[in-house]
Amino acid sequence: MAGRAQPSGPAGSGGGAPGLLPLLLLLLSAAAIIPRGHGQNLVTEDVTVVEGDVATISCRVKNSDDSVIQLLNPNRQTIYFRDFRPLKDSRFQLVNFSNSELRVSLTNVSVSDEGRYFCQLYTDPPQEIYTTITVLVPPRNLVIDIEKETAVEGEEIELNCTAMASRPATTIRWFKGNKELTGKSEVERWSDMYTVTSQLLLKVGREDDGVPVICLVDHPAVKDLQTQRYLEVMYKPQVRVSQNYPLQGLTREGEPLELTCTAFGKPQPTDMRWLRVDDEMPQHVVVSGSNLLISNLNKTDNGTYRCEASNAVGKSHADYMLFVYDTTATTEPAVHGFTQLPNSAEELDYGDLSDSRAGEDGAIRSVDHAVVGGVVAVVVFAMLCLLIILGRYFARHKGTYFTHEAKGADDAADADTAIINAEGGQNNSEEKKEYFI
């Protein structure tokens, strides 16, 4: 070679050898400039996983030329080089290895595993791409705290639902039965975790007793996570009077009447009594617990009978209006039904009704009296008008009336002269006639 490297003589002997060396060096330089793996593409995807589950990382090569693939953790430590695992962490397992893919699983993922993982392809120059692992943490505890275990109707109570240590922060929704309600939420961050508390103010009524209040979590790491509390509401009695006998027909003189009072409340009413409104209870009325019995009805029994019931919350009542018919009465009231006199407008919502045809009959009697009164008023008015017209007529025709012969009598000296001077008078006195009215 050294001989080959010597310069040629003046005659140009061996001149072909020096021309080949520059060409070879040029080709080697060109090979060094062209990168290995030209045209290959390295691809991967981000991974979202729930804490404790398995995350799978995939490094794939398009148009592979058998270049080396390796996977690095966020600290840039090699997890796998080809199918070899230098990192001593048994949670990483090889799922698939080929010239075009390196797929690795990570079991029992925790928040500390979150971050960027790098896929590298040994080309010249090397290619690198990263994938991000995001770890979701569901709420560890979901609790409803209620201000009062037992509330009274009409009160406003406070409920709080807390979802602890979630990632990301959770959204809390409220439901009362099937109806969604609106609460007010506050978010508190603890390190990488979030605790959310939602407050709900609820005004309760008797219809809410036994109804579940549900706290439901809306979070990407969990589905259908909820907890509930049943409302316990105390309310005053709801009273109802029913007629046991007669079941149908009129309440007539001499016949019996039996009424029953029922009351529902929370707590259950313990004090129940009958009384007669605006009058004393007749001595022949028998009251036995919730029942009232009149064995022989008469007109003096007409009136309103009230059943009162009370509990620790309050007192309520229902009224029965009784009207006793004659024994000969055969006409039924136009409308049959129940009459309830509520304690307040609020109780109208619950439809407490008491059986009593007396109320309907009283309404019919009121209508009859109104009609009769109207007719009498019209007749009296007509008579007054007639009297006024007659009075005016007679007043206009009152005075002194004269005959034709009497005209001009005021200017005459005597009666004969008045007759002679009267309008239509004649000289022949024999033909004159006098009329008296």
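Quick notes on this one:
- Candidate set: region 276-300, residues that are in a strand (DSSP E or B) and of a type outside the set (A, V, I, L, M); chosen: the one most open to solvent (accessible area, probe 1.4 Å): 288
- Considering region 99-119, and only residues there that are assigned to a loop (DSSP other than H, G, I, E, B) and polar (S, T, N, Q), the residue that is nearest to residue 183 (Cα to Cα) turns out to be 110.
This table checks each residue for (1) touching a residue at least 12 places away in the same chain (Cβ under 8 Å); (2) in contact with a strand residue (DSSP E or B) (Cβ under 6 Å, 6 or more places away or on another chain).
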| position | (1), (2) |
| --- | --- |
| 52 | yes, no |
| 66 | yes, no |
| 88 | no, no |
| 121 | yes, yes |
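- Qualifying residue in region 91-102 (condition: surrounded by 13 or more Cβ atoms within 10 Å (Cβ to Cβ), closer than 17 Å to residue 126 by Cβ and modelled with pLDDT of 95 or more): yes
- Matching entry among 128, 114, 45, 147 (being under 30 Å from residue 213 (Cβ atoms) and among the acidic types (Asp, Glu)): 147
- Of all residues in region 52-78, those being within 27 Å of residue 193 (Cβ to Cβ) and either crowded, with 17+ Cβ neighbours inside 10 Å or of a type in the set (A, V, I, L, M) (or both) number 4.
- Residues considered: 203, 223. Of these, the only one that is of a type in the set (D, E, K, R), open to solvent by 70 Å² or more (accessible area, probe 1.4 Å), at pLDDT 95 or above and under 25 Å from residue 185 (Cα atoms) is 203.
- Check on residue 303, surrounded by fewer than 13 Cβ atoms within 10 Å (Cβ to Cβ) and either at positive phi or among the aromatic types (Phe, Trp, Tyr) (or both): no
- The one condition in (1) open to solvent by 100 Å² or more (accessible area, probe 1.4 Å); (2) under 14 Å from the mean Cα position of the chain (by Cα) that residue 175 fails to fulfil: (1)
- For residue 79, the requirement of being part of a strand (DSSP E or B), free of Cβ contacts under 8 Å to residues at least 40 places away in the same chain and among the aliphatic types (A, V, I, L, M) is met.
- Of all residues in region 190-212, those that are free of Cβ contacts under 8 Å to residues at least 24 places away in the same chain have Cβ atoms under 8 Å from Cβ atoms of residues that are surrounded by 13 or more Cβ atoms within 10 Å (Cβ to Cβ) and assigned to a loop (DSSP other than H, G, I, E, B), 6 or more apart or on another chain, in 210/231; 210/232.
The values are calculated or read from the model by the stated rules, or taken from the named source; none is laboratory data. Everything numeric here is computed off the predicted structure, so don't read it as measured data. We place every Cβ from the backbone using ideal geometry, glycine too, and count neighbours over all the protein chains shown. In case anyone asks, the SASA skips ligands and DNA or RNA and just uses the protein heavy atoms, side chains included. Shrake-Rupley method; radii C 1.70, N 1.55, O 1.52, S 1.80 Å.
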